[in-house]
1. Just rank 36, 231, 247, fewest to most, by other beta-carbon atoms within 10 angstrom.
2. Hey, can you grab everything whose amide H is under 5 Å from the amide H of residue 248? Only 5+ residues off in sequence or another chain; H modelled, so Pro and N-termini drop out.
3. Rank the residues 215, 116 as a footprinting-exposure proxy: fewest other Cβ atoms within 10 Å of their Cβ go first.
4. How far, in nm, would the chain grow between residue 222 and residue 94 when pulled straight, counting 0.36 nm per residue and subtracting the alpha carbon separation?
5. R0 = 35 Å: FRET efficiency of residue 107 with residue 268, Cβ-based, nearest 0.05?
6. For an R0 of 30 angstrom, estimate the FRET efficiency from the Cβ-Cβ distance between residue 60 and residue 201 and round to the nearest 0.05.
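Bear in mind that the values in this text are calculations on the coordinates, not laboratory data. Quick caveat: nothing in here was measured; it's all calculated off a predicted structure. For neighbour counting, all protein chains shown are included, and Cβ atoms are generated from backbone atoms with ideal geometry for every residue, glycine included.
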Amino acid sequence: MAGYVKTAVLMAGMTALFMGIGAFLGGSQGAVIALIVAGAMNLFTYWNSDKAVLSMTGAREVDARSAPQLVKMVHDLADGAGMPRPRVFLIDTDQPNAFATGRNPSNAAVAATRGLLERLSPQEVAGVMAHELAHIRNHDTLIMTITATMAGAISMLANFALFFGGDRDRPGGMIGTLALMILAPLAAGLVQMAISRSREYEADRIGAEICGQPLWLAAALTRIDGFARQIDNNAAERNPAVAHMFIINPLHAHKHDALFSTHPNTANRVAALQAMARAPAPAPTNMRPTSLPRAGRRR
């Protein structure tokens, strides 16, 4: 519950920042216009976020004939968690990674990279897919897409301040305008990162419950993090705004991308999952048992 409260406060802060820039540009009317624009953007994002993200990453939909093992695994995990079955997509990149998208559990998709299926064991892949299903069940996919849209809009609006807000009559004059251009996008980015990190820890916990094996996900996170530091994800590099949606930051291959992290420290996530595995078994839930993947690695 604390995670949801924190997320709500951070999103409210991002909206307030957006309105503050509008007020700087156009006074009270500018704040109202900014609020209307924010609402319109979020409405558009609500209906089109999944299509945009899947297109930017080059994901293609697969089915029981084109990717039988992956599709069956996702369906079994979703059935066991009592969730609607999401659409399944595959991204043709060698970097192991995955993400989920969609406006709600009934209109959702999970995407895995080719590298995830080739470089991780079936158990580790199951842990990753359970993590992504947790994002869907928690409605994180919508929250994180909206925050990305808002962060981008704040950066764009702050740049407008140079042309429309730099006159001497405004508080701070040109110096205030330049400060706004620098600090507003930075603040928006920090809020976006805080929201993303908060949701990742919760998805790790719920994902471990869905697959029933916290150590599967812990092992997957360690291996993905290592590969992501060595292997480029070109689609993510071209569209860094979607980086926060992946289970591990896909931009780790370049040092400058790690200036601000959209993900919690992997070692901390692994430690939390290991502690979860050592804890006494929780009381039974309404989740139905799933068929577990067989052991063995492809590569």
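1. 36, 231, 247
2. Sorted by chain and number, the residues that satisfy this are 98.
3. Exposure proxy ranking, most exposed first: 215, 116.
4. Numbers: separation 128, 0.36 × 128 = 46.08 nm, distance 1.65 nm.
Difference between extended and current length: 44.4 nm.
5. Rounded to the nearest 0.05, the efficiency is 0.65.
6. 0.45
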